[in-house]
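A.B. asks: Right, I'll just put the structure down here and ask away after.
No value in this document is a laboratory result; all are computed from the given coordinates. Since we're looking at a predicted model, the values are computed, not measured. Using ideal geometry, Cβ is built from the backbone for each residue, glycine included, and neighbour counts are taken over all protein chains shown.
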Amino acid sequence: MKAQAVYKQIPTSKEIIMEKSGSFVNPVATLSDGFGVCQIIRDDNCYVVCLRQRDGRYKPTVHIFKEAFEVLKMLPPLED
């Protein structure tokens with residue numbers, strides 16, 4: 001059985017580009033497992049977990065892995 005890479009929180013990126021819209025956003029947290037990169041952004045008063053794609057742009061994911069969940073729990077509550 002192959003060992004799974006573990007995502008760890010790293011210094012937050014200043015800016016990323018989203019895959020579909022091409023818009024630039026400022027992440028609130030960044031994680032990496034040495035191969036992939038995960039960014040947590042704010043959008044419409046929600047936190048969104050995004051994964052880096054092959055072209056370097058980011059795409060939201062519906063899967064919240066345990067390391068991202070732990071970081072989400074540390075982020076400040078979003079205001080209405």
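A.B. asks: Please give me, ordered by residue number, the chymotrypsin sites (Phe, Trp or Tyr not before Pro) of region 1-67 that lie in loop per DSSP and have at most 11 other Cβ atoms within 10 Å.
C.D. replies: Numbers: sites: Y7, F24, F35, Y47, Y58, F65; in loops: Y7, F35, F65.
The qualifying sites are F35.
A.B. asks: Another one. Using 5 Å bins from zero, what percent of all Cα-Cα pairs in region 8-74 falls into each bin?
C.D. replies: Pairs per bin, as whole percents: 4, 18, 35, 28, 13, 3.
A.B. asks: Within region 21-50, name every residue whose backbone N is under 19 Å away from a label modeled 7 Å from Cα of K14 along the Cβ vector.
C.D. replies: From region 21-50, the list is 23-31, 39-42.
A.B. asks: Hey, another quick one. Stretch S21-L75 to full length: gain in nm at 0.36 nm per residue minus the Cα-Cα span? Kindly include the intermediate steps, with their values, before the conclusion.
C.D. replies: Working: separation 54, 0.36 × 54 = 19.44 nm, distance 2.53 nm.
Going from the current span to full extension adds 16.9 nm.
A.B. asks: Can I ask one more? Suppose every Lys and Arg Cβ carries +1 and every Asp and Glu Cβ carries -1, with no other charges. What dipole size does region 8-74 come out with about its Cα centre, to the nearest 20 debye? Please list the in-between numbers first.
C.D. replies: Details: 10 positive and 8 negative charges, 16 e Å.
Here the size comes out at about 80 debye.
A.B. asks: Right, another one. For the chain, state which trypsin sites (Lys or Arg not before Pro) are in a DSSP loop and have at most 10 other beta carbons lying within 10 Å of their beta carbon. Mind showing how you got there, number by number?
C.D. replies: Values: sites: K2, K8, K14, K20, R42, R52, R54, R57, K66, K73; in loops: K2, K14, K20, R54, R57.
The qualifying sites are K2, K14, K20, R54.
A.B. asks: Shifting gears a bit: Around A29, which amide H atoms from residues at least 5 apart in sequence, or from another chain, sit under 5 Å from its own amide H, with H modelled in the peptide plane?
C.D. replies: Amide H neighbours of A29: I40.
A.B. asks: Cross-chain or 8 or more residues apart, Cα under 22 Å: how many lysine pairs in region 8-74 fit that? Count them up, please.
C.D. replies: On the way: K8/K59; K8/K66; K8/K73; K14/K59; K14/K73; K20/K59; K59/K73.
Within region 8-74, the lysine pair count is 7.
A.B. asks: Within the chain, what's the longest stretch lacking GluC sites (Glu not before Pro) that sit in DSSP loops with no more than 12 other Cβ atoms inside 10 Å?
C.D. replies: On the way: sites that count: E15, E79.
Value returned for the longest uninterrupted segment is 16-78.
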